[in-house]
Amino acid sequence: MPDASRPGAGRLAVPITPEDVARQPLGNGAVVLVRESRAAPAMTVRGYLRAGTACDPEGREGLALLTASLLTRGSASHTSESLGLALDSLGASLSVRADIEGVSFAVHCLSEDANTLLDLLVEVLTRPTFPEDETEKQRAKLITGIRESRLDTRAMADKTFREAAYPVGHPYQRPAEGEEETVARLTRADLAGFHGRWYHPRGCAFAVVGDVRAADVVTRLEASLARWGAGAPPDLAPVPAAGPGASVQRRTVAIPGKTQADIVLGVPGFTRTGADYYPAMMADLILGRLGLMGRLGATLRDEEGLAYYVYSQAQAGFLPGPWAVRAGVNPANLDRAIAGIVREIQGLQREPVRDGELEDAQDLLDIELFDLGLDYLLRYPGLIRAVTPEQIGAAAARYLRLDGYTVATAVPA
């Protein structure tokens, strides 16, 4: 490990600083960030807007996913086929996908094609046509995925966990892909209405990196986005509070024809902006991600042979996502595996850090990147180094409450 007593020892070579990035808010509320790089003659764009499945109206679950999947399937100037041919001819890529909290989009191309791809990106985001034939193809694909998930023990354990751990009306409580019947009833008017309501420039961000001039990118996007109206998007419906339950809950779903049981044991966790985000993420790293899946992997899988796979994952965003342990086991080992998971959580709360764990975890987390301000990578190592064993134990005890967790299992019928 680096000698921390030496000046500059262990310090990251920071790839992004405030001086490197041009940040330009546009008149309609969108924000453009550009970092010029001459490392390769290419441009990469990543972006985000708040139009995820949390915006799905009741009874129309699956609408956000279907809407996002159709943006590249037909626009004002391109059919799905012509857009694909245009991208192929340029050796470029363009994608849009929705998740629970938002929609992410991405572009990669040669620098000489930057203007063309920026225009294409804006077109698919702002002027989709939702052609009937493509809508039916994407609807069928989504319904097929829903049907297949019913026969997947991992998917069903996760769905059962969310339904039990989160209150009704919470975005994490309902399936992001919807149900077969809700997807089947979606109409073109639903798609167009959702797009018009939620695809809005205010709160939308474009991050551009590559062999481009920042001023040129900003000018191009400002011109292309001029028709995307200003004003404020609608407010999301109030989200019910979520946290550990008043008691332990256990739910089991049986699936015919399976030989493996899957476990999801956890709680609604914490947000990305919460005060204890860093200690909680360190706790998660030590519990089930560090090295070969942390303490869980070392004990349940390697020492005791109770699990085919086991890991923990904390999903922290604008909302408190699940903090859960996931494992695949022989059905004969189901109860022993659950008891082992609980034992390791208890151990984390009593003994947050063992020899070498904190230093290893800090070094690993140093490489994570988050969009938290242009000086974030300068501050990040200090934030991580400031985390103490006591804070880790407190975060584990606060969220991974052993009197209020939910455990969901999907087992052979």
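Six or more apart or on different chains, Cβ under 6 Å: which pairs go from a residue in the stretch 179-190 that's on the phi > 0 side of the Ramachandran plot to one that's modelled with pLDDT under 95? Could you list them?
none
Quick check on the stretch 171-187: of everything there that is open to solvent by 20 Å² or more (accessible area, probe 1.4 Å) and part of a loop (DSSP other than H, G, I, E, B), which residue is nearest to residue 245 (Cα to Cα)?
173
Suppose the filter is of a type in the set (Gly, Ala, Ser) and part of a helix (DSSP H, G or I); does residue 223 pass it?
Spelling it out, residue 223 is indeed of a type in the set (Gly, Ala, Ser) and part of a helix (DSSP H, G or I).
Return a yes/no flag: does the stretch 77-90 have any residue that is modelled with pLDDT of 95 or more, in contact with a Pro (Cβ under 9 Å, 6 or more places away or on another chain) and outside any loop (DSSP other than H, G, I, E, B).
Yes, the stretch 77-90 has at least one match.
Pairs, please: C-beta under 8 Å, at least 6 apart or cross-chain, first residue under 14 Å from residue 94 (Cα atoms) and hydroxyl-bearing (Ser, Thr, Tyr) and in the stretch 106-130, second in a strand (DSSP E or B) and modelled with pLDDT of 95 or more?
These pairs meet every condition: 116/109.
Listed residues 279, 256, 322, 268; which is in contact (Cβ under 8 Å) with a residue 60 or more places away in the chain and farther than 24 Å from residue 392 by Cα?
When all the criteria are applied, what remains is 256.
Against the conditions (1) over 30 Å from residue 397 (Cβ atoms); (2) touching a helix residue (DSSP H, G or I) at 6+ places or on another chain (Cβ under 9 Å); (3) among the polar types (S, T, N, Q), where does residue 219 fall short? Just the number, please.
Failing condition for residue 219: (2).
Given the conditions (1) open to solvent by 10 Å² or more (accessible area, probe 1.4 Å); (2) β-branched (Val, Ile, Thr); (3) touching a helix residue (DSSP H, G or I) at 6+ places or on another chain (Cβ under 6 Å); (4) within 30 Å of residue 258 (Cβ to Cβ), and given that residue 310 satisfies all but one, which numbered condition is not satisfied?
Residue 310 satisfies all of (1) open to solvent by 10 Å² or more (accessible area, probe 1.4 Å); (2) β-branched (Val, Ile, Thr); (3) touching a helix residue (DSSP H, G or I) at 6+ places or on another chain (Cβ under 6 Å); (4) within 30 Å of residue 258 (Cβ to Cβ) except (1).
Matching residues to (1) within 19 Å of the chain's Cα centre (by Cα); (2) open to solvent by less than 50 Å² (accessible area, probe 1.4 Å); (3) of a type in the set (Ser, Thr, Tyr):
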position: 99; (1), (2), (3): yes, no, no
position: 104; (1), (2), (3): yes, yes, yes
position: 126; (1), (2), (3): no, yes, yes
position: 133; (1), (2), (3): no, no, no
position: 151; (1), (2), (3): no, no, no
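When the stretch 292-350 is examined, which residues are found to be assigned to a strand (DSSP E or B) and not small (Gly, Ala, Ser)?
Residues satisfying the conditions are 309, 310, 311, 313, 315, 320, 322, 323, 325, 326, 329.
Please state which one of 118, 142 is open to solvent by less than 40 Å² (accessible area, probe 1.4 Å), at pLDDT 95 or above and over 20 Å from the mean Cα position of the chain (by Cα).
The conditions single out 118.
Does any residue of the stretch 160-170 turn out to be at positive phi, surrounded by fewer than 16 Cβ atoms within 10 Å (Cβ to Cβ) and not in a helix (DSSP H, G or I)?
Scanning the stretch 160-170, I find at least one residue that is at positive phi, surrounded by fewer than 16 Cβ atoms within 10 Å (Cβ to Cβ) and not in a helix (DSSP H, G or I), so the answer is yes.
Go through the residues of the stretch 205-224 one by one and say whether even a single one is under 30 Å from residue 105 (Cβ atoms), open to solvent by 10 Å² or more (accessible area, probe 1.4 Å) and modelled with pLDDT under 90.
The answer is no; no qualifying residue exists.
Can you tell me how many residues within the stretch 230-251 are assigned to a strand (DSSP E or B) and either at pLDDT below 90 or of a type in the set (D, E, K, R) (or both)?
2
Among the numbered criteria (1) closer than 16 Å to residue 44 by Cα; (2) out of contact with any Asp or Glu (no Cβ under 6 Å at 6 or more places or on another chain), which one does residue 79 miss?
Tallying (1) closer than 16 Å to residue 44 by Cα; (2) out of contact with any Asp or Glu (no Cβ under 6 Å at 6 or more places or on another chain), residue 79 fails exactly one: (1).
Is there a residue being modelled with pLDDT of 95 or more, among the hydrophobic types (A, V, I, L, M, F, W, C), surrounded by fewer than 21 Cβ atoms within 10 Å (Cβ to Cβ) and in contact with a strand residue (DSSP E or B) (Cβ under 8 Å, 6 or more places away or on another chain) anywhere in the stretch 56-67?
no
Just checking, does the stretch 282-296 include any residue being within 26 Å of residue 155 (Cβ to Cβ), open to solvent by less than 10 Å² (accessible area, probe 1.4 Å), small (Gly, Ala, Ser) and modelled with pLDDT under 95?
yes
Scan the stretch 252-273 for residues that are outside any strand (DSSP E or B), open to solvent by less than 80 Å² (accessible area, probe 1.4 Å) and among the β-branched types (Val, Ile, Thr) and report the count.
1
The values are calculated or read from the model by the stated rules, or taken from the named source; none is laboratory data. This structure is a prediction, so every number in the text was calculated from the model and none was measured. Counting neighbours? That spans all protein chains shown, and the Cβs are built from the backbone with ideal geometry, glycine included. Heads up: the accessible areas ignore ligands, DNA and RNA and are worked out on the full protein's heavy atoms, side chains in. Shrake-Rupley method; radii C 1.70, N 1.55, O 1.52, S 1.80 Å.
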